[in-house]
Amino acid sequence: MSAVARRPDPVEFPDLEITRMRRRHLRKILNIEGRVYPRPWSASLFLSEMTQRNSRSYIVARSRGEVVGYAGMMFTGFEAHVTNIAVDPDFHGRKVGTRLLLTLVTEAIARGCETISLEVRVTNNVAQTMYGKFGFHVVGLRKGYYIETHEDALVMEVPDAASTGYRMRMQAIRAELDDIDEERRQ
């Protein structure tokens, strides 16, 4: 799943903290969910996902203590699947989604996953571009996947997440984010 991104507002962006999703984050998560998805997840669905710690990972991005984005991943054997990723529209274009996805992918690699997959709206070019930077390639199409809009989803996958080349790709993304952080501090 993915939300549609827009251009960033020209305001200062403080350091971001990525932490495990907790029940106390749900009010803000549901607010973001309602702003970016036509058919948002419920609090009970998030709670159910968060209790499955052996097979799920849910994280939030916080700025000045406020949740500005969140993401989740499901693990089955040697495969990982991004279940959702969303960023507060006021924070789009500031690499929040990139940081969230990098954190999830890093965990997937640490858990020994060889393949990582996700679905994305066929119209969400911004998200598709970000996923492409992470090495995701289109491997299929799910017709009418997004029930609320009857929109199709692209199935994207990284088939070689355990490879040295893929780890080097993640290292390059991390270095790019570090450079951005350094520039902001100056």
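Nearest 5 percent is fine: what portion of the DSSP beta bridges confined to the chain is antiparallel? Don't skip to the answer; put the middle values down first.
Details: 32 of 35 bridges.
The answer is about 90 percent antiparallel.
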> GNM on the chain, C-alpha springs below 10 Å: top fluctuator among I59, I147, I109?
Replying inline: I147
>> Test of understanding: ordering D178, D88 by Cβ neighbours within 10 Å, fewest first, what list do you get?
In response: D178, D88
> Distances over 28 Å make up what percent of all Cα-Cα pairs in the stretch 17-185?
Replying inline: 19
> Among the aspartates and glutamates, which fall within straight-line cross-link reach of K143, defined as a Cα-Cα distance under 15 Å, with same-chain neighbours fewer than 8 residues apart omitted?
Replying inline: E119, E151, D152
> Under a straight-distance cross-link criterion of Cα-Cα below 22 Å, which lysines are reachable from K28, leaving out those fewer than 8 residues away in the same chain?
Replying inline: K95
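How large is the dipole of the stretch 27-186 about the Cα centre if only Lys and Arg carry +1 and Asp and Glu carry -1, each at its Cβ, rounded to the nearest 20 debye? List each step's numbers first, then the result.
Working: 21 positive and 20 negative charges, 70 e Å.
Using Cβ point charges on Lys, Arg, Asp and Glu, the stretch 27-186 gives about 340 debye.
Laboratory data are not the source of any read-out in this text; all were calculated from the coordinates shown. Owing to the predicted nature of the structure, the values given are computational and were not obtained by experimental measurement. So basically every Cβ, Gly included, is an ideal-geometry build from the backbone, and we count neighbours across all protein chains shown.
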